[in-house]
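Structure, as structure tokens:
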Amino acid sequence: MKIVSTENAPKAIGTYSQAVFCKGFLFVSGQIPLDPKTMELVDGIENQIRQVFQNIESILEAAEMNFSNVVKLSVLLDDLSNFELVNKIMSEIFSKPYPARAAYQVSKLPKGSSIEIETIAFKE
């Protein structure tokens, strides 16, 4: 097991690691739309979605991976009506074959975020 971290993504705000690499799999902790420089949430739902994916990309890069290595996403939203915007942005980032995905509406996310995404990637 190897811990993966980067200063280009938000520091952990609790008792967890940004990511853990184990036997080819990278388990990325749920990312919320914190700007890694200020550790503050970005404004607006579209900016929040894009920031989460930027944070994930930075962690993937620290593990010498990219979005093509992603096999599963778990998307948590405070309002499921924003899911179409998530799909739109994902279509800009991912190409076929798309990763597996689950999406949930939750009542509250850390720091009042509108979105959190947990990621699993794989590299042989």
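The values are calculated or read from the model by the stated rules, or taken from the named source; none is laboratory data. Every value quoted in this text rests on a predicted model; they were computed, and no experiment measured them. Glycine also receives a Cβ, built like all others from the backbone with ideal geometry; neighbour counts cover every protein chain displayed. Protein only, heavy atoms only, side chains kept; ligands, DNA and RNA dropped before computing areas. Shrake-Rupley method; radii C 1.70, N 1.55, O 1.52, S 1.80 Å.
Listing for the model above:
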{"item": "Where Ile56 falls short, out of the listed (1) crowded, with 18+ Cβ neighbours inside 10 Å; (2) farther than 19 Å from Asn8 by Cβ", "result": "(2)"}
{"item": "Residue, nearest to Asn69 (Cα to Cα), within the range 8-42, restricted to residues that are loosely packed, with under 11 Cβ neighbours inside 10 Å and either touching a helix residue (DSSP H, G or I) at 6+ places or on another chain (Cβ under 7 Å) or not aromatic (Phe, Trp, Tyr) (or both)", "result": "Gly24"}
{"item": "Filter result (open to solvent by 50 Å² or more (accessible area, probe 1.4 Å), hydrophobic (A, V, I, L, M, F, W, C) and farther than 12 Å from Pro99 by Cβ) within the range 61-85", "result": "Leu80"}
{"item": "Scan of the range 43-53 for residues that are surrounded by fewer than 16 Cβ atoms within 10 Å (Cβ to Cβ) and within 27 Å of Cys22 (Cα to Cα), ordered by number", "result": "none"}
{"item": "The range 4-32, residues that are in contact (Cβ under 8 Å) with a residue 24 or more places away in the chain and in contact with a Ser or Thr (Cβ under 6 Å, 6 or more places away or on another chain)", "result": "Thr6, Asn8, Ala9, Gln18, Val28, Ile32"}
